[in-house]
Structure formats: C-alpha cells, structure tokens
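Asks: Dropping the structure in here first, questions after.
None of the figures in this text is laboratory data; all of them are computed from the coordinates on show. From a predicted model like this one, the values you see are computed outputs, not experimental measurements. Quick reminder, even Gly has a Cβ in these numbers, built from the backbone with ideal geometry, and neighbours come from all protein chains shown.
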Amino acid sequence: MISLDNVAFDYEDMAMRFSLEVPKEAFVAIIGPSGAGKSTLLSLIAGFDIPLSGSILIGGRDMAGVPPSARPVSMIFQDNNVFAHLDLRQNVAIGLLPSLKLTAAENGETDDAMRRVGLYELRYRKPGEVSGGERQRVAIARALVRDKPVLLLDEPFAALGPSLRRDMLDLLREVQKDKQLTILMVSHQPEDARYAASHTAFVEQGRILAMSPTEEFFQTKNPPELRDYLGDWRS
C-alpha cells in the first residue's frame, strides 16, 4: 500500500534515508528517540516535505509532484487539529468542504461521523469548551469524512493520560476496521504500539532500523539500537 524506496531528505545536519514497505490495512506504530526523524517520515508521505531523491508510492501510484491536498492521505497532529472559532461540527465538516456550504448528503456524512466518534451531542460546542480527548475525536471524525485510505498520526495522544489514550486507540482500531484504513502512527509510548499496532517500526538517526509484526518486534528487540532505546521496558 505504501512504499518508500531510498527516500532522501536532509534536515539540519541529519541525512535521512528511508526505505519502507507498509501492507494494505496495516496499523504501523513508529517509535524511536526524539529527533530521530519520525515526524519527517510522515511529512514526506503526506507531501509536506519533498524528498531530494527516491520514490514514494501509495496504492501503486508515484507521489512525485502530487501536492498534499491531492494525496490519498489524512493527517492528525498532536495539537492544532481544530479551529477555535468554529464549533465542533464545523470543524468536522471543513474536511469535506472548506466553504462549509454542504449538500444534504454531506451534512448527513458529517453527522454520521460525529456519532461514530461520540461527539454528536456536543456538536455545537466550541473547541475551548471540550476536553483534549474530545478535540482529538474531532480530528478523527474529520478524517472519516475525508474518506482517504491512509491515515497518518503524529503523536496524536501524547497529552492524554493512559486510560484516555487506550480509549482513543480503541476508537482508532474500530475506525480502521470499518473504513479499511492503512494507519501509520508516531508514538513515544511503546505500550501504545503493543496494544494497538499490527506492526511496529523503529527509527533512529533518520533510518528505519527495524520493522516487523508487533509481537515479534517486542520479543526479539533487535537491532542493538532498539534494545538500547527500550532499556528495561516491559510490555
């Protein structure tokens, strides 16, 4: 579904080189130390950063020259997923049409997405009137109405406590199953990867040093850089 072949990108003094194969409908957690290049990897797939060389294919289509808005991708960040001046429903609907001039069918899609993430009763509240977890649910609902086959998440639940993170991961897995999504999620929490992801990848110094099915990944803890990163962590 997603293929990166020797994708090169330089950030300050780090020369990043990414090669990766992500199966269709996989849920890949991307872990690694701060500054390793995890967020840059997502930005390259989304089209926000442009590689110096190499190729990025999504669904067999070469993404060279394809702007972010035209890629089959939605992206959720840790912060800034909502517009403070819009109510929650408008924040979801903007994923369909920035003008918010929706058809009856599009209004129905918006309401269905809000019900799916448990926000329908709060739809007319402003982002400042709801919790951080509810704001992230808005971002997930917006991704649902955009109906793209790839969902990228850059530390989306980092500010949430363990119990709420678990709830959000459950929601993601439900959405993935219903919409048959391919998901890549950056996380600093190995337990999130172990709980939700079908595969886990380890990034260090701008390289993907390991990727395998999650159970195997945490059993083997190879290469040595991964063992050093995990330390005494136990799932």
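Asks: What lysines sit close enough to LYS221 to cross-link, taking a C-alpha to C-alpha distance under 21 Å and skipping anything fewer than 8 places away on the same chain?
Replies: Within the straight-line limit of under 21 Å, LYS221 reaches these lysines: LYS38.
Asks: Per residue and in Å³, how big is the convex hull formed by the alpha-carbon atoms of the range 99-235?
Replies: Numbers: hull volume 18.5 nm³, N = 137.
Convex hull volume per residue, Cα atoms: 135 Å³.
Asks: Which of the peptides 91-98, 111-118 is most tightly packed, and how do the rest follow, judged by the mean count of other Cβ atoms within 10 Å per residue? Could the numbers behind the result be given before it?
Replies: Numbers: 91-98: 20.2, 111-118: 18.6.
Result, highest mean first: 91-98, 111-118.
Asks: Give me the distance in nm between label points sitting 7 Å out from Cα along the Cα-to-Cβ direction at ASP62 and ARG173, one decimal.
Replies: If labels sit at ASP62 and ARG173, their model points lie 3.9 nm apart.
Asks: Here's a follow-up. Going by Cα centres, the range 58-118 and the range 202-222 are how many Å apart?
Replies: A separation of 31 Å, based on Cα centres.
Asks: Quick query: amide H of MET75 versus all other amide H atoms, modeled in the peptide plane; which residues come in under 5 Å with a sequence gap of 5 or more or a different chain?
Replies: LEU152
Asks: State, in angstrom, two size descriptors of the range 83-147 derived from its alpha carbons: Rg to one decimal place and Dmax to the nearest whole number.
Replies: Answer for the range 83-147, Rg first and Dmax second: 10.4, 30 Å.
Asks: Give, as a single signed number, the net charge of other residues whose beta carbon lies under 14 Å from the beta carbon of PRO156, with Lys and Arg counted +1 and Asp and Glu -1. Write out the running numbers ahead of the final one.
Replies: Working: positive: LYS38, ARG135, ARG137, ARG142, ARG165, ARG166, ARG173; negative: ASP79, GLU134, ASP154, GLU155, ASP167, ASP170, ASP192.
It works out to a net charge of 0.
Asks: Just from its helices, what would the mean residue ellipticity at 222 nm be for the chain, if runs of 4 or more DSSP H residues each count -39500 (n - 2.57) and the sum is divided by every residue, rounded to the nearest 500 deg cm²/dmol?
Replies: Numbers: 8 runs with 82 residues, N = 235.
Dividing the helical sum by the residues of the chain leaves -10500 deg cm²/dmol.
Asks: Let me ask something else about it. What's the exposure ranking of PHE77, PHE202, PHE217, going from fewest to most Cβ atoms within 10 Å?
Replies: PHE77, PHE217, PHE202
Asks: By average Cβ neighbour count within 10 Å, what is the ranking of 30-36, 180-186 from highest down? Walk me through the numbers before you get to the answer.
Replies: On the way: 30-36: 19.6, 180-186: 22.0.
The peptides rank, most packed first, as 180-186, 30-36.
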